Amino acid sequence: MKYQNRIGPDLRRQRGAILVTSLLLLLSLTVIGVSVVQITRMQERMAGNTRDLNLAFQGAEAGLRDGEDFLLNAIAVVPCVAAPCEVFARGTLPLLANQDEAWWNGNSLEYGVDGAQELTELDDDPQFVVEQLAQIEDSLIQGQGVPPVRDFFQVTARSTGGTGFTNVLVQSTYATRID
């Protein structure tokens, strides 16, 4: 007995349409998967950069408060014009945003003033400089002896983030009263 081919004419006309369709579907899913991986990687980098910027900002704020504490506890403030100074005279500081790390290391005070405090999350400890802005009489009463005086200072602090690639500068104006 002869074996008869029972494949009908409809099955012989199909030439791998399912294979082509499934390969196209697999290709589109692969493209979507690669896109999702790239988006996730970019979001991780953005989160890391945001964390680094936040660390740098918090470090600069700590340096700023340390500079203000330095002025609060200073017995006598004598501005000078040649670096290194604890307090710079008005107009002697360059544009601080343009100064590199070497300038800050040579002309500023480190967080903790004595350098004993370490902020382990940051690449370097925050640094600050103080500039005297003005000295203004603080009394409207005339002829009653020496009037009290207010000294105005600008405190500028700089800090790096945890990686060392982020730098933040913050400034405040601080006033002390001398009676």
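What follows draws every value from the coordinates through simple rules; no lab data is involved. Please read these numbers as outputs of a predicted model, since none were measured by experiment. Virtual Cβ from ideal backbone geometry, glycine too; neighbours counted across all protein chains shown.
When the chain is fully extended, how far beyond the present Cα-Cα distance does Asn98 get from Thr30, taking 0.36 nm per residue of separation?
19.8 nm
Percentage of Cα-Cα pair distances in the chain greater than 23 Å, rounded to whole percent?
60 percent
Among 54-61, 78-85, how do they line up from the highest to the lowest mean number of other beta-carbon atoms within 10 Å?
Averaged packing, sorted descending, gives the order 54-61, 78-85.
Assuming R0 = 22 Å, can you tell me the calculated FRET efficiency for the pair Val78 and Ile136, based on Cβ-Cβ distance, to the nearest 0.05?
Efficiency for this residue pair is about 0.75.
Using all Cα-Cα distances in segment 18-75, what percent lands in each 5 angstrom bin from 0 up to the longest?
Per 5 Å bin, starting at 0, the Cα pair percentages come out as 4, 15, 9, 10, 9, 7, 9, 6, 6, 6, 4, 4, 4, 2, 2, 1, 1, 0.
Would you kindly compute the Cα radius of gyration of segment 23-117 and its largest Cα-Cα separation (Dmax), both in Å?
23.8, 81
What do you get for the angle between helix 17-73 and the principal long axis of the chain? Use alpha-carbon atoms, 0 to 90 degrees, nearest ten.
Approximately 10 degrees, to the nearest ten.
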